[in-house]
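Data first, discussion second: the structure below is written as C-alpha cells.
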Amino acid sequence: MLSVSSFFLTRNRFISSVSMSEGDVFHEKQRLELCAIHALNNVLQERVFTKETADDICKRLAPQCVVNPHRSVLGTGNYDVNVIMAALQSRDLAAVWWDKRRTVQSLCVSKVQGFILNVPSRVSLGIVSLPLRRRHWLAVRQVNGQYYNLDSKLKSPLCIGGEAELRSFLSEQLSQDVAEMLLVVQRDVEEDSSWLNPDNPNN
C-alpha cells in the first residue's frame with residue numbers, strides 16, 4: 001500500500017505512458033484527469049505539454065483567482081477549453097469551434113491538422129466501470145495517410161481509415177447531445193475560413 005507522501009509524489013509526477021505502435025503513431029495514455037494534455041500531445045504527435053505547462057497556462061488565464069476556474073480544484077487536471085486554445089496558440093495554431101448545425105460534409109479535411117473532441121465518457125474505478133459519465137477530451141488526426149482515434153483511454157491508436165471513414169466517425173461522435181469538436185488548424189486557415197469546403201460551405 002502506498003503511503004500518503006508516496007501517493008502525492010506519484011500524483012504530481014507527469015510521466016505518461018506512450019505507445020508507438022500502429023506504424024509509429026504517437027499515443028499518450030490516460031493519467032489522472034490529464035486528458036486535455038494527452039489530446040494536445042496526441043494531435044501534435046509529440047510530447048509538448050505537461051501538467052506543469054498546463055498549470056502555468058491556467059495561472060496566466062486567471063492570475064487573480066485563488067481557486068482557478070480552468071482546472072480541477074484537486075490539482076489533478078480536468079483542464080477546460082480555454083487551456084487547450086491557449087496551448088495551441090503558443091504553437092502558432094488555432095482551435096476553431098465546430099458548429100454542429102453544419103454537416104461534416106462541409107468540412108475541408110485537407111486544411112485541418114487534427115481534431116480535438118469533447119465527448120461523454122464512462123467513469124471507472126480501477127477495473128470497475130461506474131454508471132456515471134464525465135466530459136473527456138480526445139484527439140483524432142491523420143498519420144501516414146490514415147486517420148487515427150488517439151483517445152488516451154484506448155490501449156493503442158485505433159485506425160479509423162480514410163476521409164470517408166473519418167467523416168462517418170466524426171458524425172457518429174457529434175450525434176451525442178453534449179459532444180463538441182475543435183478543429184486544429186494553422187492561423188491563416190482560421191483567418192480565411194478555408195477549413196470550410198468551398199463547394200458546400202453552408203451545410
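Here segment 132-180 was treated as a single set of alpha-carbon atoms; its pair distances binned every 10 Å from 0 give 24, 53, 21, 1 percent. Here the 3J(HN,Hα) profile of segment 101-107, calculated from phi with Karplus coefficients 6.51, -1.76 and 1.60 at θ = phi - 60°, is 6, 7, 8, 5, 5, 8, 8 Hz, Gly and Pro shown as x.
Quick one: which residues, 5+ away or cross-chain, put their amide H under 5 Å from the amide H of LEU196? H built at 1.01 Å from N. Under 5 Å from the amide H of LEU196: CYS108.
Sorted from greatest to least, the principal axis extents spanned by the alpha carbons of segment 151-203 come out as 37, 25, 23 Å.
List the trypsin sites (Lys or Arg not before Pro) within segment 131-201 that DSSP assigns to loop and that have no more than 16 neighbouring Cβ atoms inside 10 Å. Taking segment 131-201 and a limit of 16 other Cβ atoms within 10 Å, the loop trypsin sites (Lys or Arg not before Pro) found are LYS153, LYS155.
In a shell of Cβ-Cβ distance under 11 Å around ALA139, excluding ALA139 itself, what net charge do Lys and Arg (+1) and Asp and Glu (-1) give? The answer is -1. Here the spin labels are modelled as points 7 Å beyond Cα on the Cα-Cβ line, and at THR53 and GLN186 they lie 2.1 nm apart. Show which lysines lie in cross-link reach of LYS59 when reach means a straight Cα distance below 21 angstrom and same-chain residues fewer than eight apart are skipped. Partners within reach: LYS51.
Per-residue Karplus couplings for segment 183-188, computed as 6.51 cos²θ - 1.76 cosθ + 1.60 with θ equal to phi - 60°, are listed in order as 8, 8, 9, 5, 4, 5 Hz, Gly and Pro entered as x.
Every read-out reported here was derived from the displayed coordinates using simple, explicitly stated rules and does not represent laboratory data. Predicted, not measured: the structure shown is a model, and the values here were computed from it. Note: ideal-geometry Cβ built from the backbone for every residue, glycine included; neighbour counts use all protein chains shown.
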